[in-house]
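Student: One structure, as structure tokens, below. Some questions next.
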């Protein structure tokens, strides 16, 4: 007989409660999901956001901003990281024990969520703090010392540095570049070079590639979109024709600036040739080696730095050889281009200097005049814009220190990672400061 015939409703079938192992698996699954979400959002924030820069989502009402915890937890307890790390471990172990004994679904959810949060914090305290300590130390000493102090292999130190740079380097660093500088540096003999590109606005290294010359610099521009290349307004460099050709091809609208230091180096070398010819060819100067070195130093000194003894020696040398006197005068006039002449008058002043050097009758300075005439636009642009390659030269000095501190690097990639870590805008803090 059916239920309609009997007039009775069928009894509802009871749903059996979930078994303990199902609740345990659910708690562990929820905990793992919490860990993945927590670590994933942290990794995304560090790779995408910039500290101190706010990204609005809903106007001024809601936005994203990267900030680091200055203490061990909730911005307090700075210096107590070990205590909080131990508490996180205890909480994680407790959550695991309760997850194995849970009997109710609601408690499984609570234990899974709290256990996942505790486990994620444990990972931060134990693993991230370890890596932060390694990164902080490796920016101050060599990797062998770091590996001995942290009781790990030096290859582990290298892996931590490489992984941190890949995660923390600003992926947008090649965007919105307006004034850049380029130079090469030899990091290993014989003839192992890196090409370094820096941003004049931020003072950071934005690109590093192996090799030197046109192809290496062109590789940097090829990493940019056409829109980003159009934004480049100024490129500072030394006298390398390879860099000039690459810049003209990829950013023809940008003004090239010739580094004043390298231009003055040309002038001083021309002066040295004139002085050497006076002693060895014309034989108008008869000096012993110590006196010759002193005279050479005096000739290279700026007029404003000469002492009475220097001036006396200078008068003696220039009176004995008039070509040396003319060369020294031309050198001082060129120094005035950078020291005294207003930028608006620099082009006219430099043109007059070139004409005078061409007709001075001194072969070294006639050749120098042709070299400077070929770089006329770049020299004038550097003076008008107040741009030099001092930023990149300073970066190169720091790179030499990094390379020497590490007793050399086994590969270019390893050195590049260290350069980005130290000079690429990555802020490395101690675990108690993050």
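The values are calculated or read from the model by the stated rules, or taken from the named source; none is laboratory data. Since this is a predicted model, take the numbers as computed values, not measurements. Don't worry about glycine lacking a Cβ; one is built from the backbone with ideal geometry, like all the others, and counts go over all protein chains shown.
Student: Check region 144-154 and report whether any residue there is touching a residue at least 40 places away in the same chain (Cβ under 8 Å) and either within 20 Å of the chain's Cα centre (by Cα) or surrounded by 16 or more Cβ atoms within 10 Å (Cβ to Cβ) (or both).
Tutor: Within region 144-154, not a single residue is touching a residue at least 40 places away in the same chain (Cβ under 8 Å) and either within 20 Å of the chain's Cα centre (by Cα) or surrounded by 16 or more Cβ atoms within 10 Å (Cβ to Cβ) (or both).
Student: Among the residues of region 214-272, what is the count of those that are assigned to a loop (DSSP other than H, G, I, E, B) and touching a strand residue (DSSP E or B) at 6+ places or on another chain (Cβ under 8 Å)?
Tutor: Going through region 214-272 one residue at a time, the tally reaches 9.
Student: If you don't mind, another one. Of the residues in region 93-129, how many are more than 16 Å from residue 42 (Cβ to Cβ) and within 39 Å of the chain's Cα centre (by Cα)?
Tutor: Residues in region 93-129 being more than 16 Å from residue 42 (Cβ to Cβ) and within 39 Å of the chain's Cα centre (by Cα): 0 in total.
Student: Report yes if some residue within region 115-124 is closer than 25 Å to residue 86 by Cα, assigned to a loop (DSSP other than H, G, I, E, B) and modelled with pLDDT of 80 or more; otherwise report no.
Tutor: For region 115-124, residues closer than 25 Å to residue 86 by Cα, assigned to a loop (DSSP other than H, G, I, E, B) and modelled with pLDDT of 80 or more: absent.
Student: Mind checking which residues of region 296-315 are within 41 Å of the chain's Cα centre (by Cα) and part of a helix (DSSP H, G or I)?
Tutor: Result: 296, 297, 298, 299, 300, 303, 304, 305.
Student: Something else about it: How about region 216-243: which of its residues are touching a residue at least 24 places away in the same chain (Cβ under 8 Å) and more than 21 Å from the chain's Cα centre (by Cα)?
Tutor: Those that are touching a residue at least 24 places away in the same chain (Cβ under 8 Å) and more than 21 Å from the chain's Cα centre (by Cα): 239, 240, 242.
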